[in-house]
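Asks: Questions regarding the structure given below will be posed in turn.
The values are calculated or read from the model by the stated rules, or taken from the named source; none is laboratory data. Bear in mind that the values here come from a model prediction, so they are computed numbers and not experimental data. Because the Cβ atoms are built from the backbone with ideal geometry, glycine has one as well, and the counts that use them run over all protein chains shown. Note: areas computed on protein heavy atoms with side chains; ligands, DNA, RNA excluded. Shrake-Rupley method; radii C 1.70, N 1.55, O 1.52, S 1.80 Å.
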Amino acid sequence: MGLSERRARILAFIVDDYIDSATPIGSQALVERHALGLSSATVRNEMAALEDQGFITHPHTSAGRIPSHPGYRYYVSSLMQERDLSRQEQISILHQFHQSARSLEEWVGLAASVLANSLHTVSLVTQPRITEARFKQLQLVELSENRALLVVVTSDTAVHQQQLEFPLHVNQEQLTRLAARLNGEFGGRHASEIPIRDATEPLSQVESIVVAAVVELLLRESREAVEEPVVEGVRELLRQPEFDGSDRILDTLEAVDESRLRAAIPSAAIDDAGVAIVIGDENRDGPYQDMSFVLARYGQPGGAGGVVGVLGPTRMPYNDAVAHVRYVGDVLTELMRKFYE
């Protein structure tokens, strides 16, 4: 839904002022603060139209307006003035990384601290890992006449075990030969590159069961491509006025628990092209529907990488968050490149 230039300008001022003040914005305040060249009555009419269109809403206890989730979405998609960090801000961040040890784990923790301290909200950074699991090798161990233990090692050295049941007896010698052949054929492939076998012959039924299990393991590991994040800045988030109430504090503490946060990270929204912003009810159910993520991937395309970003109230300074997340992600990518070289 498009907006007229005047209405879009008023919406941008409402979002900017509400982000700064955390108090509902009235028409008279807009006129006085921004020299709009419009009467308060005209601005009030435009605000009423924006409310009818769903871009702002009217809290019960105030005559002012606040942005709605669609209002924030329109703002970040069409109105927000993106910025780059200043040279001084970049130097300050780089200095902190250059002071740290040459360790991926330490870099991840430092990145989380930098973002939390810069943006005064919760930051989250995951350890790097291969985002598309590839097959490395497998072993098959006979357990009984028609059962075997499948052990699969993937490209990020993760080890998976699964018991398989076959429609016929297969001994250890046959299992060892099958494992050796599949290791030679499938080494370095991901799930989409492993062909499904024809199971018309008795022995090929065993092979097809093994191959299907390997493909499912690879797909499952790829789906679980987000590690449990390092989280910083919980105290900073709780200082935000949105989370003053005791009930909100408990919900927020539950939301930023590392294990729950891992499942809530909207990884499907993140691509390698830039910074993703996921606002309010675009998130999964629960406390995340009153919060926003600003996230990016770091690492080399096709190689090991992770997620870097922040979680905060929907009343977030999105342009600052995008600039910091993008820059810290670029720093981590460059550090990883040098590390692996």
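Asks: Take Glu282 and decide whether it is touching a Lys or Arg at 6+ places or on another chain (Cβ under 8 Å) and farther than 26 Å from Ala12 by Cβ.
Replies: Judged against the criteria, Glu282 is not a match.
Asks: State whether one or more residues within the stretch 6-15 are open to solvent by 70 Å² or more (accessible area, probe 1.4 Å) and part of a helix (DSSP H, G or I). Please lay out each step first, then the result.
Replies: If we filter the stretch 6-15 for residues that are open to solvent by 70 Å² or more (accessible area, probe 1.4 Å), which is where we start, we get 6, 9.
Going one step further and asking which of them are part of a helix (DSSP H, G or I), we end up with 6, 9.
Scanning the stretch 6-15 turns up at least one residue that is open to solvent by 70 Å² or more (accessible area, probe 1.4 Å) and part of a helix (DSSP H, G or I).
Asks: Consider the stretch 64-88. How many of its residues are touching a residue at least 12 places away in the same chain (Cβ under 8 Å), within 22 Å of Arg297 (Cβ to Cβ) and in a helix (DSSP H, G or I)?
Replies: Within the stretch 64-88, the first condition is being touching a residue at least 12 places away in the same chain (Cβ under 8 Å), and the residues that meet it are 64-76, 78-85.
In the following step, the residues that additionally are within 22 Å of Arg297 (Cβ to Cβ) were identified as 73, 76, 80, 82-85.
Adding the requirement that they be in a helix (DSSP H, G or I) leaves 73, 76.
Count: 2.
Asks: Considering only the stretch 240-273, how many residues are within 27 Å of Gln300 (Cα to Cα), modelled with pLDDT of 85 or more and small (Gly, Ala, Ser)?
Replies: 1
Asks: Please go through the stretch 147-162 and give me each residue that is hydrophobic (A, V, I, L, M, F, W, C) and either without any contact (Cβ under 8 Å) to a residue 40 or more places away in the chain or out of contact with any helix residue (DSSP H, G or I) (no Cβ under 8 Å at 6 or more places or on another chain) (or both), ordered by number.
Replies: Ala148, Leu149, Val151, Val153, Val159
Asks: Let me ask you something else. State the number of residues belonging to the stretch 151-170 that are within 11 Å of Val210 (Cβ to Cβ), hydrophobic (A, V, I, L, M, F, W, C) and part of a strand (DSSP E or B). If you could, list the steps in order and put the result at the bottom.
Replies: Taking the stretch 151-170 and keeping what is within 11 Å of Val210 (Cβ to Cβ), we get 152, 162, 164, 166, 170.
Right, trim to hydrophobic (A, V, I, L, M, F, W, C) and you get 152, 164, 166, 170.
From the residues that got through so far, the ones that are part of a strand (DSSP E or B) too are 152, 164.
Summing the residues that are within 11 Å of Val210 (Cβ to Cβ), hydrophobic (A, V, I, L, M, F, W, C) and part of a strand (DSSP E or B) in the stretch 151-170 gives 2.
Asks: Working only within the stretch 79-119, note down all residues that are loosely packed, with under 13 Cβ neighbours inside 10 Å, among the hydrophobic types (A, V, I, L, M, F, W, C) and modelled with pLDDT of 90 or more.
Replies: Ile91
Asks: Moving on. Condition test on Val141, is it free of Cβ contacts under 8 Å to residues at least 60 places away in the same chain and either within 30 Å of Ile194 (Cβ to Cβ) or touching a Leu at 6+ places or on another chain (Cβ under 7 Å) (or both)?
Replies: Values: free of Cβ contacts under 8 Å to residues at least 60 places away in the same chain: yes; either within 30 Å of Ile194 (Cβ to Cβ) or touching a Leu at 6+ places or on another chain (Cβ under 7 Å) (or both): yes.
Taking the combined requirement at face value, the residue satisfies it.
Asks: Also: Quick one: what pairs do we get from the stretch 31-45, first residue modelled with pLDDT of 90 or more, second open to solvent by 40 Å² or more (accessible area, probe 1.4 Å) and part of a helix (DSSP H, G or I), C-beta under 6 Å, 6+ apart or different chains?
Replies: Once the first residue is modelled with pLDDT of 90 or more and sits in the stretch 31-45, its partners that are open to solvent by 40 Å² or more (accessible area, probe 1.4 Å) and part of a helix (DSSP H, G or I) give His34/Phe13; Ser40/Gln28.
Asks: Same structure again: Tell me the residue from Val226, Val210 that is open to solvent by less than 80 Å² (accessible area, probe 1.4 Å), aliphatic (A, V, I, L, M), modelled with pLDDT of 85 or more and on the phi < 0 side of the Ramachandran plot, please. Even if it seems obvious, please write down each step before you answer.
Replies: On the way: Val226 fails: modelled with pLDDT of 85 or more.
That would be Val210, the only listed residue that is open to solvent by less than 80 Å² (accessible area, probe 1.4 Å), aliphatic (A, V, I, L, M), modelled with pLDDT of 85 or more and on the phi < 0 side of the Ramachandran plot.
Asks: Counting residues that are open to solvent by less than 70 Å² (accessible area, probe 1.4 Å) and over 22 Å from His69 (Cβ atoms), which helices (runs of 4 or more DSSP H) fully inside the stretch 246-340 reach at least 3?
Replies: Details: elements: 246-255, 258-264, 318-340.
So the answer is 318-340.
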